[in-house]
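Okay, structure first, notes after.
We did not get these values from a lab; they are worked out from the coordinates using the rules stated. For clarity, every value in this text was computed on a predicted model and none was experimentally measured. Note: ideal-geometry Cβ built from the backbone for every residue, glycine included; neighbour counts use all protein chains shown.
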Amino acid sequence: MTSDKTPPRAHAAISVELRPDGCIFPTKFTKNTGGHMKTFSRITMLAFLFAISTSGLYAQDKEAAAPAKLEKPTLAVLPFVLEPNNIQINVNDTEMKIQIVESEFADQLLQNLVKSRKFTVLERSFVEKIMKENKLTESDYIKPGEEQRIGKLLVADYLVVGHVDRVEFYLEKKFIEITKETSIRLKGTMKVHFRVVETKSGKIVCANTITRKLDSRDIPVQERKNMTGGDYRDRLFTDCAVCASNYILEGVYPVKIASVQGEELVLNRGEGTGLVVGGQYEVYAQGAAVKDPDTGDVIGTDETKIGIIEVTAVQQKFSKAKIIKSDGVLTVGAICRQIEKKEKEVEPATPRATPGW
């Protein structure tokens, strides 16, 4: 007599858990076996566990192999020192308090450093807040050696410390007899000294004194006819701030060749970093490090001039250049230093608008 009962089918169920690290882990295994399928179920489970384990390891290895994104160094610009604080300057009958020099120049400098996309730049208001909370005055932070302590308070990798040596404007008026008109000529000068300090080591990365001059005759007539005293002031401040920020970038991150494509080069700087079409640069190959024989500190690298290039296009994140002269092979990583144009001489502005400076 044949039984109507059908033997139970062998089956297995596996419950799994997805871990935060991306691996799959079995939490429960249930089985119902008819005997000869028991071994098969165990083999299936082992194969499954091996597959999911190795897939998790592969995912982890792939993630670990991905290159880590480097964090940009943090930079803080300390308030520039101006002396004396009660000086006022008249620019074409527009009164300019000395505090405006400090705030507007600092803002222009910060904007240009932010545009470079090379640093995380701290807000001026945040820097001033920390300085006030720790009762730090100008006389404190301009002292050499204080930068490391201030850098820890601000959690900054680099500090820009400086002072404005001179700001002067001179308005020259001449009556022209033939036309019966009065010719107005405005001249301005701004002189700034600054240094960039690496807070971890206290090392001065770069230091410079820059002087920028303004002459209204260098501005096209159609542009200057509606300019106010504030416009002239902003123009001089902007010019000085751009020059200062370019020197800071040169000191920390020099312009370098990013790629060579035949006669065309790609540079690692783009818009807002001082590169302009037509600007020329000397190219230097980097050699061995030069050490101080007394301290053993690296004080520079041996450099060899290998050519001159000219910027042909400036894009958002990089620029293009062509080779003007080559004394060697221009390779990726070579440093490019701008060839300074000789500045136009401006006659001394006397009498000075700011006596005592």
message = Sequence gap at least 6, Cα distance under 8 Å: using those rules, report the relative contact order of segment 152-203 to the nearest whole percent.
response = 47 percent
request  = Order by neighbour count: Cys240, Cys336, fewest other Cβ atoms within 10 Å first, most last.
outcome  = Cys240, Cys336
task = Could you list Arg149, Arg166 in order of exposure, starting from the residue whose Cβ has the fewest other Cβ atoms within 10 Å?
result = Arg166, Arg149
query = Can you pick out the pairs among Lys118/Lys322; Lys115/Lys213; Lys187/Lys225; Lys291/Lys325; Lys72/Lys305; Lys118/Lys320 whose Cα atoms lie more than 26 Å from each other?
reply = Lys291/Lys325; Lys72/Lys305
task = Quick one: order Val81, Val276, Val160, Val290 by neighbouring beta-carbon count within 10 Å, fewest to most.
result = Val276, Val290, Val81, Val160
note = Percent of all Cα-Cα pairs per 5 Å bin for segment 71-253, counting from 0 up to the last occupied bin, reads 1, 7, 16, 19, 18, 13, 9, 6, 5, 3, 2, 1, 0, 0
